[in-house]
Amino acid sequence: MNDQERIKLAALHTQVIRPPQQLLATFGQTNIHYYLLTEPVYTELEQQARPETVLREGRVIAERPRLVTPVYMHKLEGFGDDARRYFEMIMRRHGPHAPGLLYTYKNEPKDTSILTGSLPAVANRINDDINERGEKGATIIRGVGEMWDVSLFKFIYELTEHSVSQNVTELQQHGLFGVDNSGLPIEARMRIEQMFWDASRGELDPGLLKTELERWGIFDEYQDRFLDLFRRRR
């Protein structure tokens, strides 16, 4: 079995036993506490007197979704030639300023432990504990052995897919899902203003602000304000 087949099989056998009781937030960070359960690989090699389950615990942190355009995505680092050709195709089909949402995540693994009990029994114990704590941002995922990270990624993808509609609706309700006369998303313009404010208070590296302005192709428009950040520090 090649890697692609193994990935497909792992995704097929991934099950979200308990989904989080919240979608991804539109206007803030979302913190998902995950409990990812798998059966030990060694159970395939030897008969165990008592069933055991591997628990991987951690957090997935989703940043506030950002409104972007194909032009912006084309300038992001870390994408290969195929991805850039895809962005160019999107620009030709929908226009260079067609708005879309960009989601970014960070996985913070915490502990890995082996617990006594079958996977369903362990899942029930964890579920009861979550209910007792009233933790809304918790999820229990049944994954596949050494491909557990594929299972986690599938969960993230599906949670994003379920959240998009609500995120778009809330942005529209606040008048943010659209572009101004220059082709810049309204939400992005507001985000840049926030970045200027944070940079002026020393809470943001001005280099990050400069990179954001260059990705949007509007550094010249903000150049004087950007240079003022350094004049004020003298």
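The values are calculated or read from the model by the stated rules, or taken from the named source; none is laboratory data. Treat the numbers as computed from the prediction; the structure is a model and nothing was measured. All Cβ positions, even for glycine, are placed from backbone atoms using ideal geometry, and neighbour counts span all protein chains on display. Calculation scope for accessible area: heavy atoms of the full protein, side chains included, ligands and nucleic acids excluded. Shrake-Rupley method; radii C 1.70, N 1.55, O 1.52, S 1.80 Å.
Some points to look at:
- Taking the longest Cα principal axis of the chain as reference, the axis of helix 119-133 is set at about 50 degrees.
- Scaled to the globular estimate 2.2 N^0.38 Å, the Cα spread of segment 19-172, given as radius of gyration, is 1.30.
- Added length on full extension, which subtracts the Cα-Cα distance from 0.36 nm per residue, ARG64 to GLU158: 32.2 nm
- Relative compactness, segment 103-145, computed as alpha-carbon Rg over 2.2 N^0.38 Å: 1.35
- Simple point charges give the picture: +1 on the Cβ of Lys and Arg, -1 on the Cβ of Asp and Glu, and for the chain a dipole about the Cα centre of about 560 debye.
- Subtracting the Cα-Cα distance of GLU88 and ASN2 from their residue separation scaled by 0.36 nm leaves 27.8 nm.
- Residue among VAL41, PRO120, PHE87 farthest towards the positive dipole end of the chain, charges placed on Cβ: PHE87
- Each residue of segment 119-194 gets 156 Å³ once the volume of the Cα convex hull is shared out per residue.
- Helix axis angle, 206-216 relative to the chain longest principal axis, alpha carbon, degrees: 80 degrees
- Label point of PHE230 set 7 angstrom out along Cα-Cβ; within segment 186-205, no amide nitrogen lies under 11 Å from it.
- Backbone geometry of segment 58-68 corresponds, through the Karplus equation with coefficients 6.51, -1.76 and 1.60 at θ = phi - 60°, to 3J(HN,Hα) couplings of x, 9, 10, 9, 9, 6, 4, x, 10, 7, 10 Hz, x marking Gly and Pro.
- Taking the protein heavy atoms of segment 160-234 in the context of the full set of protein chains, the accessible area attributed to carbon and sulfur is 48 percent at 1.4 Å.
- Between 0 and 90°, nearest 10: helix 148-173 axis offset from the chain longest Cα axis: 40 degrees
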